[in-house]
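First comes the structure, then the notes that go with it.
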Amino acid sequence: MRDLFDRIIENKGPLGKWASQAEGYFVFPKLEGQISNRMKFNGKEVITWSINDYLGLANHPEVRKIDAEAAAEHGAAYPMGARMMSGHTDLHEQLQNELASFVKKEAAYLLNFGYQGIMSCIDALVTKDDIIVYDVDSHACIIDGVRLHMGKRFTYQHNDMDSLEKNLERATKMAEQTGGGILVISEGVFGMRGEQGRLKEIVELKKKFKFRLLVDDAHGFGTLGATGAGAGEEQGVQEGIDVYFATFAKSMASIGAFLAGDKEVIDYLKYNLRSQMFAKSLPMIFVKGALKRLEMLRSMPELKNKLWENVNALQNGLKERGFDIGTTQSCVTPVYLNGSIPEAMALVKDLRENYGIFCSIVVYPVIPKGLILLRMIPTATHTMEDIQETLEAFSAIRTRLENGTYKRLSQAVAMAMGE
Ligand SMILES: Cc1ncc(COP(=O)(O)O)c(C=O)c1O
């Protein structure tokens, strides 16, 4: 027998093994200054393309004012306790009502964190007799939620409706035996590649199969649809989504999240979401802050318009320059390049140090080996100048990637890693 910690000391995991080369720079970087299109990294100004502050609310003067006033009035704690016990207020209720009407659902329930909230939602919606069918590329919080499920689960190929149909056939047969039901889970927008979940086609399948649909719309809320109500609104099928989820961590530039759906479903979730029943209520700073942000989402369409002006300028500019941005249908802008992890590191360093461009880098195991994904999130605060500078920098780094500059630069890194 060995000590439990022997393994974790020997093997830090697929990402952890890069810690000594990557930490503080490629992972856990420290961006400083006010949240905006330009911030400081390692003491230098960079254009920030890695912050999910889609509508530019994080540092909007009206938002900052409300956040400060709420902190002054309530401190960071109020209300104390879980919602059920002592952490409930009129404003929590008001926010739920306003969120529900914004996403065109009967009722909504607040969550402290999206991640735990959606896990508990999946856990609460199914029993061991029920079957879950979910997109294979789902966010970690969905995968972890499914892990809690004691019954059968099937994945369908990413956004592949034939695969979904096949799995629904299997699930239906199984549910007929167990006497259970079926929960289908998709994202509204897949946050790495930017594709929208094919919600319209999934909802259409309800005519053929009996299932309920849960949609995680973290990246769609506030950015898609005529009113910003998300991917369901964009595709004209908001009604067909049985349980709608969004987080405040992106367009709302805060912390917290919510679920929305029919009143009886939300009433049930309210009494059965373990991560909320046994955890402290969302503090008033975030509740008042969310009410203000939501009001701005409703009353300032210019924020979403500006966001999309920037998204279109960036995505069109990249395409015109021959970059592969995959099949994004949202603000999430991936740029796919071919190269090893050490090459990716050299490339990102060049981008940051010599061109002042800060974007996230995604490599294996999140995406296939040999691919580098530079993931960019345009926001309403970016300017055309930011976009132009970034496009020029990208053209320069692609040339260097293709002529082997980064391979040479990365050799030292590769040797150090014993590759
Ligand atoms: C698709 C998706 N779902 C859920 C979450 C988790 O939300 P939260 O940050 O509120 O825990 C995130 C990340 O924020 C996300 O990108």
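Read the figures in this text as sums done on the coordinates, not as results from a lab. Remember, it's a predicted structure, so these values are computed and weren't measured experimentally. In this analysis, Cβ positions are derived from the backbone assuming ideal geometry, glycine residues included, and neighbour counts consider all displayed protein chains.
Using C-alpha pairs below 8 Å separated by at least 6 residues, the relative contact order for the stretch 61-299 is 29 percent.
Exposure proxy shown here: for ASP216, ASP135, the number of other Cβ atoms within 10 Å sets the order, fewest to most, as ASP135, ASP216. Post the alpha-carbon centroid distance, the stretch 371-395 to the stretch 241-305, in whole angstrom. Cα centroid to Cα centroid, the span is 30 Å. Ordering of 67-80, 191-204 by packing is 191-204, 67-80, highest average first (other Cβ atoms within 10 Å, averaged per residue).
For the chain, the Kirkwood radius over C-alpha pairs fed into Stokes-Einstein at 25 °C and 0.890 mPa s yields D = 107 µm² per second.
If I fit a long axis through the Cα atoms of helix 405-416 and take the longest principal axis of the Cα atoms of the chain, what angle between them do I get, 0 to 90°, rounded to 10? Approximately 80 degrees, to the nearest 10.
Do you know the relative contact order of the chain, to the nearest whole percent, from alpha carbon pairs under 8 angstrom that are 6+ apart? Relative contact order here is 20 percent.
Rounded, prolate or oblate: which fits the stretch 61-299, taking a ≥ b ≥ c as square roots of the Cα gyration tensor eigenvalues, rounded meaning a/c under 1.5, else prolate when a/b beats b/c? Cα axes put the stretch 61-299 in the prolate bin.
With the highest mean first, a sort of the peptides 37-43, 290-296, 353-359 on other beta-carbon atoms found within 10 angstrom per residue produces 290-296, 353-359, 37-43. For the stretch 151-208 versus the stretch 75-130, the spacing of their alpha-carbon centroids is 25 Å. Measure out, as a whole number of angstrom, how far apart the alpha-carbon centroids of the stretch 329-365 and the stretch 1-70 sit. Measuring centre to centre over Cα atoms gives 15 Å. With the charge dipole of the chain set up from +1 on Lys and Arg Cβ and -1 on Asp and Glu Cβ about the Cα centre, the Cα lying farthest toward the positive end among the listed residues HIS92, TYR25, GLN276 is that of TYR25. Using only the C-alpha atoms, the convex hull of the stretch 28-132 corresponds to 196 Å³ per residue. A simple charge model with +1 on the Cβ of Lys and Arg, -1 on the Cβ of Asp and Glu and nothing else charged puts the dipole of the stretch 21-131 at about 400 debye relative to its Cα centre. Close amide H partners of GLY339, meaning residues 5 or more places away or on another chain with modelled amide H under 5 Å apart, are LEU371, ILE372. Charge tally around ASP53: other residues with Cβ under 12 Å, Lys/Arg +1 each, Asp/Glu -1 each, net +2. Summarising the amide proton neighbourhood of TYR156: residues at separation of 5 or more, or on other chains, whose placed amide H is nearer than 5 Å comprise TYR134, ASP135, VAL136. Only Lys, Arg, Asp and Glu carry charge here, each on its Cβ (+1 for the first two, -1 for the last two); on that basis the stretch 61-299 has a dipole of about 320 debye about its Cα centre.
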